[in-house]
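Structure first, commentary second.
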Amino acid sequence: SLFPGHRVLPPPAKSVTYVPGLFRYPCARFGPLGILSLLATSFAVIQIWMSAGQRILLTVPFVFYLGFKVSSLRYPEFNVLGEAILGGRIRQWLRHLILLRILEGDLKAAKESTSALEVLEKAAEQLGLIDLNVRLPGAISLPIVTLPDLASSYLVRIDLPGRCWVNFRVPVHLKRTENPASDFAAIVIRTLNSQRLEKLEQTTEANQLLHAATLLSDQSG
């Protein structure tokens, strides 16, 4: 030894090896990731001197081999990603976001309480919520709650300004990656604020007065 009292330790069995020259990717000796790194580097260098058709012929088997090797690693992240894509979770998540965007837009566009009530009823049905109980200025919806609904669901109450409310029940078996109850409640609270409810009340009262005046004119005529 060059230093008295010290000895040189051998490298560990799974040391990281760097291939000099063009191959600068770190590859673990005899490891699958090291082999994939070396193959990817070799493929990138070889395809420089190949034509377009030869690249396609070389790419197809390489992609299959790469997929086989990655799947053999058995990382839990790959399993979750595969279930999300093949199991339809991404499609359900996108559909959920679209429904919420439509709900918020239709609530903002509603001119009177009856229109807002129809929007809420349609959105609750699409999200899987049941027994919707809504009171808006000049409009009210009282569902008929049965005993099976009480036993297999839980109640969510949303108190709004002006003695208005939006209540609904969430089935216990409603298991989704999303949370439709909290998202529905968040949009209702954010959209149906005091200013919005006051505007709905004014529009509803004006429409009711116009309707009453129309009836009186028809009866007198």
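The values are calculated or read from the model by the stated rules, or taken from the named source; none is laboratory data. Computed from a predicted model, the values in this text were never measured in an experiment. So basically every Cβ, Gly included, is an ideal-geometry build from the backbone, and we count neighbours across all protein chains shown. The area values use the complete protein model at the heavy-atom level, side chains included, leaving out ligands, DNA and RNA. Shrake-Rupley method; radii C 1.70, N 1.55, O 1.52, S 1.80 Å.
Within the assembled protein chains, the solvent-accessible surface assigned to THR203 is about 40 Å², based on a 1.4 Å probe.
Students often check this: by mean Cβ neighbours within 10 Å, which of 93-103, 161-171 ranks highest, and how do the rest follow?
Listed from highest to lowest mean packing, they are 161-171, 93-103.
When each of the peptides 44-54, 127-137 is scored by the mean number of other C-beta atoms lying within 10 Å of its residues, the order from highest to lowest reads 127-137, 44-54. Between SER153 and VAL172, the built amide H atoms are under 5 Å apart, and every one of these is 5 or more places off in sequence or on another chain.
Here the extension length gained between GLU198 and VAL45 equals 48.2 nm, from 0.36 nm per residue of separation less the Cα-Cα distance.
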